[in-house]
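Presented below is the structure to which this report refers.
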Amino acid sequence: MREKLVLGLSGGVDSAVAARLLMEQYDVTCLWLDIGLGGGEDAAAVARGLGLPFECADIRAELETQVCAPFAADYLAGRTPLPCARCNPAVKFPALLALADRIGAAYVATGHYARRETGADGRALLLKGRSANDQSYMLARLPQAILRRTVFPLGGLEKAQIRALAGEWGLPVADKPDSMEICFIPDGDYAAWLDRRGNTPPPGNFVDREGRVMGRHKGYHHYTLGQRRGLGVSGPHRYFVSAIRPERNEVVLSDGSDLYTDSARCAGLNWIALPGLEEERPCTVRLRHSRVETPALIRPDGGGVAIHTLAPARAPTPGQLAVFYDGDSVLGSGWIV
């Protein structure tokens, strides 16, 4: 008798191909997570076409408490949040595991481009996907209890292979475009979403490092560290956001040269490949959701981790995630403070 598995089926091509691959090895039940914006029809059609059981879970309350409210609070505090990395361990995977426990399934799965292995010491390891679409960064908050029960069937595949398999198998979402936006802000306009929630800051001043007024901003929640576009300020060079000062309702602009640093600190640690950091060690670090990895030294620092990059890194941003790698393996992660 095959083991049971719950797959998070989003209605996109990745999770659809994951479903088709997994059903060759597991007794798969598909779960679509309802956030109140509709869109479950494609997921239901995929499950129906593959003959797989399909359920929906209403996660609106958990998403609001664990993701949306903290997302808004971060922006209003001048930070730049990362909602997907927060959602995975707090909402998405717990919803999958709740159904898994209810039906007696040993495992859960998603269509993320990542790999999971078991280390020599029995720890669950998170590794980069072999694709250029590697999503290990967004999964680096998953604790051992979740990783041990998680399967990533797409970890060894490239995106082009996924599209080809979807077409070969006649999956109804084979040509569906990828979604690149935050799920609860489908139009991508996060500032407008924040305005609709209320209590957003009023317009204020753009200033330089010396405090000289350079123009007016629309509200500091419209801006992120390192931003260049949409500032509406002209001068002898291009301007970049180099600091956000919520307490003074100011956005600081510069030529961008002050955005580079070789040091940062993070807190709220989640260790994966090791039980903790006891002493300084070399690694590479991603300081934002991109493929850029910077050689660094990390060391314990008062309950957090101090990061020293071996070359200056651009705009480590409070609210974003620092993810530490040893080759393909994720050592752990922490929120940049």
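A few notes on this one:
- Computed over segment 211-337, the ratio Rg/Rh where both radii use C-alpha atoms and Rh is Kirkwood: 1.04
- For segment 239-249, 3J(HN,Hα) computed residue by residue from phi via the Karplus equation (6.51, -1.76, 1.60; θ = phi - 60°) reads 10, 10, 6, 10, 6, 10, 10, x, 5, 10, 6 Hz, glycine and proline entered as x.
- Counting only protein heavy atoms and using a 1.4 Å probe, the accessible area of Glu117 comes to about 90 Å².
- Rounded percent of accessible protein surface that carbon and sulfur make up, the chain, 1.4 Å probe: 49 percent
- For segment 1-146, the spread of Cα positions along each principal axis, largest first, Å: 52, 42, 31
- Environment charge of Arg228, counting only residues whose C-beta is closer than 13 Å and scoring Lys/Arg +1, Asp/Glu -1: +2
- Taken per residue, the accessible surface of the chain reaches 46 Å², heavy atoms only and a 1.4 Å probe.
- A straight Cα-to-Cα reach below 26 Å connects Lys4 with the lysines Lys92, Lys128, residues fewer than 8 places away in its own chain not being considered.
- Exposure ranking of His308, His221, His112 by accessible area [1.4 Å probe, largest first]: His308, His112, His221
- When each of the peptides 180-192, 280-292 is scored by how many other beta carbons lie within 10 Å of its residues on average, the order from highest to lowest is 280-292, 180-192.
- Packing-based ranking, highest mean first, of 33-41, 158-166 given that Cβ atoms within 10 Å are counted: 158-166, 33-41
- Over the C-alpha atoms of the chain, the Rg to Rh ratio, Rh being the Kirkwood estimate, stands at 1.00.
- GNM flexibility winner over the chain from Pro177, Pro143, Pro203 (Cα, springs under 10 Å): Pro177
The values are calculated or read from the model by the stated rules, or taken from the named source; none is laboratory data. Being a predicted model, the structure only gives us computed values, none of them experimental. Note: ideal-geometry Cβ built from the backbone for every residue, glycine included; neighbour counts use all protein chains shown. Areas reflect the complete protein model, heavy atoms only, side chains present, ligands, DNA and RNA absent. Shrake-Rupley method; radii C 1.70, N 1.55, O 1.52, S 1.80 Å.
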